[in-house]
Amino acid sequence: MTATLTPPRADRPTPARPPAPLRTELRRGLGPWTGVAVALTVLVTMYGKAPEWQGRWADATNLLHVAAGLLCGPLALAAGCWQGGRDRRRGTTELWESVPRSPLRRLLVAVGPSAFWPAAGLLFADAVCLLATWPYVSAGRPFLELLAADAVAVAALGALGHLAGRVIRWRLAAPLLGIVGYVVLGLAAYTAGPARWLGPAGEHQFFWDRPVWWFGPVSMAWTAGLALAALLAYGLRPARLRVLALIPLAVTVGAAGLILRLPRDEGPWRPDPALSRQVCDGGTPQVCLTAVDESLLPDVSAALAPLSARLKGVPGAPVRWVSGLAGPALPGDVALPSVRQDAVRDRLAHPDLYLNSAVNWLFSDSCRPGDGTGPNAERASTINLAVIEWLAPTPEGYGPATTGAQPYIDRLKAKSPAEQRAYLTRFLAANTCRPDEVPIP
Amino acid sequence: MRLYLRSRGLPGALAALLGTAAAAAWAAWWLVSLPDFDHTARLPVVVLGPLLAAGVIGTSLHTPSDELDRTAVRAWWPRRLAHLLAPTALAVGLLALAVPGHAEEFGAPAAVRNTLGLVGMAASAAPLVGARLSWLPPTFYAGVVYLAAPSGTEGGAAWWAWVTRPGPEGEAWAVAAVAFAAGTALYAWRGSRRTTGEA
């Protein structure tokens, strides 16, 4: 018996599949570094201003939007321009022409890193900042559609920069484009009128507003359509196909038309009653803040507690301390200064300073021209300062010198509680715009 | 000499510096003439003008014949030094003239300091990432600190945000001077990085 020798079966080695060109493009060159630079730019900017935005979604979204438009947009333009000139610098333009792929497909693959990485870096930074805001906010929601529109705008600027880099043969093209981007986007942000809402850095600081629902998608259509039209006009061959670029161009023009029809001042922003709703504590007098600052209510109540105790039962004393859009609405309401200016995240950073500001607001009458004059004007002003310092001393390093008011402060402190209440009643009844009415302690 | 100047594109760079200074002078005048603004509004001019000048000077450090240059018998560092210092001196003079008055805020001293510091950053970048990309580190730095910088000096802002500080601050000058000295020395010593295959 003979045995046949058969060679052992061996699996055929699977041929290694070459990576997709887009994947290779995304991993090489300046693209990933641009993403890192964009993310760092936003994160460092936001870190430096954390107390200003980490308590309200509107503040966080607004500063992210400004940083994206004003800083990341020009960076994406310049980096895209550099990336666009790569093949010319390397002398591989003709090599690319020999590749069996359509010019548009090659262009889109090459543009990929210039558009993707700035947007990815921005979205990463947005996510970090929103997560850092989340634990401290009271009401509302982050305007994700606006942040997505910012990412699309930055990607579009990267793509436009890439095209500029392909067209312009000048070594200064990239830095110049970046600086022109800073200037143009910065000017657009400060322009009055509806055109400012076309720019990706238009600022809006109003805590009780939300954008109209269509603004985010339409902004995306405006910027993405512009970039796509430019890409099609440049990359489509033969030339007769370039007419297809009119489709995204029409979308862009339509979107820009919608944005330009927005009201001149408020643009896409509309009041949101859910954000400006009053939230009050159970104290006497009540302290009322808007829903967006609800987390600060315990701190504000505690800061005002010494003043409330001293004013309790005094005729003319506040019935409610109110803060927000509507201001004092009922008899006995007294306006509070903005809580967010003195807040860090969801805590009041300087309760004594806030109390001092609240007392200043309590005793500030709306004077007319000619009021506050006369022989007793200086004395009345000094007494006003003395009463404020007696009720809520200005913290060290803030406010005016109180040396001149010290005799009055000493006299107020020396009074019995009943005398102090009687004096406060007379002081609250007086119009501080008329110096002769201000009672001397 | 003429061949050297032309091979580095220095005539174009000098024209670009003149254009930068002219644009900066116009922008400074225009900003101050706006109804709600005063001389303190010139901060963007004393940041962006020197930034563009740094880009112009940094990209001019590119040499198209690096390998050939390195075979020369003479030492290159004096030429590199002159190549960096001469356009920098011109840029410093032009940009100082572009923002006249108010030296205590954003006037000539701030423009001079920022030009020196940002040129130093670009010169440092040339041996590391190549002369043609040397504009990127100063651009990135200016972009990062422009909004992040506080209005006061808290948090050591005079050190890390020196480009946004008013003219007379010593700390900001110290950082800019160190950046310029380090960049000049590094570039004179090493020259620009060879970027293979890039014309």
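The values are calculated or read from the model by the stated rules, or taken from the named source; none is laboratory data. None of these values were measured; they are calculated from a predicted model. Positions of Cβ are generated from backbone atoms using ideal geometry, with glycine treated the same way; all protein chains shown enter the neighbour counts.
For B:Val92, are the conditions met, namely being part of a helix (DSSP H, G or I), buried (at least 24 other Cβ atoms within 10 Å of the Cβ) and touching a Ser or Thr at 6+ places or on another chain (Cβ under 7 Å)?
In short, no.
Does A:Ala309 count as of a type in the set (A, V, I, L, M) and either in contact with a Ser or Thr (Cβ under 7 Å, 6 or more places away or on another chain) or in contact (Cβ under 8 Å) with a residue 60 or more places away in the chain (or both)?
No.
Quick one: in the stretch A:1-44, of everything that is surrounded by fewer than 18 Cβ atoms within 10 Å (Cβ to Cβ) and touching a Leu at 6+ places or on another chain (Cβ under 9 Å), which residue is modelled with the lowest pLDDT?
My answer is A:Leu22.
If only one of A:Val128, A:Val154 is surrounded by fewer than 22 Cβ atoms within 10 Å (Cβ to Cβ) and either more than 14 Å from chain B (Cβ to nearest Cβ) or part of a helix (DSSP H, G or I) (or both), which one is it?
A:Val128
Of the residues B:Ala148, B:Ala179, B:Ala111, B:Ala123, which single one is within 13 Å of another protein chain (Cβ to nearest Cβ), surrounded by 21 or more Cβ atoms within 10 Å (Cβ to Cβ) and under 27 Å from A:Ala79 (Cβ atoms)?
Going through B:Ala148, B:Ala179, B:Ala111, B:Ala123 in turn, the sole match is B:Ala148.
Residue check: is B:Pro138 within 13 Å of chain A (Cβ to nearest Cβ), surrounded by fewer than 19 Cβ atoms within 10 Å (Cβ to Cβ) and at negative phi?
no
For the stretch B:24-38, check the following and say yes or no: at least one residue is more than 18 Å from B:Tyr187 (Cα to Cα) and within 9 Å of chain A (Cβ to nearest Cβ).
Looking through the stretch B:24-38, at least one residue is more than 18 Å from B:Tyr187 (Cα to Cα) and within 9 Å of chain A (Cβ to nearest Cβ).
Can you pull out every residue in the stretch A:240-288 that is in a loop (DSSP other than H, G, I, E, B) and small (Gly, Ala, Ser)?
Once the filter is applied, which keeps residues that are in a loop (DSSP other than H, G, I, E, B) and small (Gly, Ala, Ser), the stretch A:240-288 yields A:Gly267, A:Gly282, A:Gly283.
Being surrounded by 15 or more Cβ atoms within 10 Å (Cβ to Cβ), over 19 Å from A:Ala155 (Cβ atoms) and not β-branched (Val, Ile, Thr): is that true of A:Pro211 here?
In short, yes.
If we scan the stretch B:140-148, do we find a residue that is touching a Pro at 6+ places or on another chain (Cβ under 6 Å) and farther than 30 Å from A:Arg90 by Cα?
no
Working only within the stretch A:181-210, note down all residues that are part of a loop (DSSP other than H, G, I, E, B) and either of a type in the set (S, T, N, Q) or within 17 Å of A:Thr252 (Cβ to Cβ) (or both).
Those that are part of a loop (DSSP other than H, G, I, E, B) and either of a type in the set (S, T, N, Q) or within 17 Å of A:Thr252 (Cβ to Cβ) (or both): A:Thr191, A:Leu198, A:Gly199, A:Pro200, A:Gln205.
Starting from the stretch A:116-137, take each residue that is polar (S, T, N, Q) and list its partners that are buried (at least 24 other Cβ atoms within 10 Å of the Cβ) and part of a helix (DSSP H, G or I), counting only C-beta distances under 6 angstrom and pairs at least six apart or across chains.
The qualifying pairs are A:Thr133/A:Ala60.
How many residues does the stretch A:71-100 contain that are more than 12 Å from chain B (Cβ to nearest Cβ) and in contact (Cβ under 8 Å) with a residue 60 or more places away in the chain?
2
Look through the stretch A:42-70, keep the residues that are in contact (Cβ under 8 Å) with a residue 40 or more places away in the chain and of a type in the set (Val, Ile, Thr), and return whichever of them is farthest from the other protein chains (Cβ to nearest Cβ).
A:Thr61
Could you check the stretch A:294-336 and list, in sequence order, the residues that are part of a loop (DSSP other than H, G, I, E, B) and surrounded by 21 or more Cβ atoms within 10 Å (Cβ to Cβ)?
Those that are part of a loop (DSSP other than H, G, I, E, B) and surrounded by 21 or more Cβ atoms within 10 Å (Cβ to Cβ): A:Pro318, A:Ser323, A:Gly324, A:Leu336.
Which of the residues belonging to the stretch B:159-176 are more than 14 Å from chain A (Cβ to nearest Cβ) and assigned to a helix (DSSP H, G or I)?
Residues satisfying the conditions are B:Trp162, B:Gly170, B:Glu171, B:Ala172, B:Trp173, B:Ala174, B:Val175, B:Ala176.
Taking A:Val109 as the residue in question, decide whether it is free of Cβ contacts under 8 Å to residues at least 24 places away in the same chain, surrounded by fewer than 23 Cβ atoms within 10 Å (Cβ to Cβ) and aliphatic (A, V, I, L, M).
no
This table checks each residue for (1) over 17 Å from A:Pro200 (Cα atoms); (2) in the same structural domain as A:Trp197 (by TED's automatic domain parsing); (3) within 29 Å of the chain's Cα centre (by Cα).
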position: A:Arg240; (1), (2), (3): yes, yes, no
position: A:Leu246; (1), (2), (3): yes, yes, no
position: A:Pro263; (1), (2), (3): yes, yes, yes
position: A:Gly267; (1), (2), (3): no, yes, yes
position: A:Thr284; (1), (2), (3): yes, no, no
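On the given criteria, is A:Gly216 touching a residue at least 60 places away in the same chain (Cβ under 8 Å) and either more than 24 Å from A:Pro248 (Cα to Cα) or away from chain B (no Cβ under 14 Å) (or both)?
Judged against the criteria, A:Gly216 is a match.
So the check is Cβ under 6 Å with 6+ separation or different chains; which pairs have a first residue in the stretch B:148-164 that's at pLDDT below 90 and a second one that's part of a loop (DSSP other than H, G, I, E, B) and not aliphatic (A, V, I, L, M)?
Pairs that qualify, where the first residue is at pLDDT below 90 and the partner is part of a loop (DSSP other than H, G, I, E, B) and not aliphatic (A, V, I, L, M), are B:Ala157/B:Pro150; B:Ala158/B:Arg165; B:Ala158/B:Glu169.
Restrict the check to the stretch A:339-347 and report whether at least one residue is crowded, with 16+ Cβ neighbours inside 10 Å, within 28 Å of A:Tyr47 (Cα to Cα) and small (Gly, Ala, Ser).
yes
Name the residues in the stretch A:189-212 that are more than 14 Å from chain B (Cβ to nearest Cβ) and without any contact (Cβ under 8 Å) to a residue 60 or more places away in the chain, would you?
Within the stretch A:189-212, A:Val212 is the sole residue that qualifies.
Within the stretch A:124-145, can you find the residues that are among the small types (Gly, Ala, Ser), modelled with pLDDT of 90 or more and either farther than 13 Å from A:Leu63 by Cα or in contact with a Pro (Cβ under 7 Å, 6 or more places away or on another chain) (or both)?
Residues satisfying the conditions are A:Ala127, A:Ala132.
Condition check: under 33 Å from the mean Cα position of the chain (by Cα) and of a type outside the set (Gly, Ala, Ser). Does A:Leu122 satisfy that?
For A:Leu122, the condition - under 33 Å from the mean Cα position of the chain (by Cα) and of a type outside the set (Gly, Ala, Ser) - is met.
For the stretch A:337-441, give me every one of the helices (runs of 4 or more DSSP H) that falls completely inside it and has 2 or more residues that are more than 18 Å from A:Val314 (Cβ to Cβ) and of a type in the set (D, E, K, R).
Correct list: A:377-391, A:406-414.
Hey, among the residues in the stretch B:50-73 that are farther than 14 Å from B:Ala122 by Cβ and either among the polar types (S, T, N, Q) or surrounded by 17 or more Cβ atoms within 10 Å (Cβ to Cβ) (or both), which one's farthest from the other protein chains (Cβ to nearest Cβ)?
Once the filter is applied, the top-ranked residue is B:Thr71.
In this structure, is B:Leu128 within 14 Å of chain A (Cβ to nearest Cβ), within 30 Å of A:Thr93 (Cα to Cα) and surrounded by fewer than 24 Cβ atoms within 10 Å (Cβ to Cβ)?
So B:Leu128 fits the description; yes.
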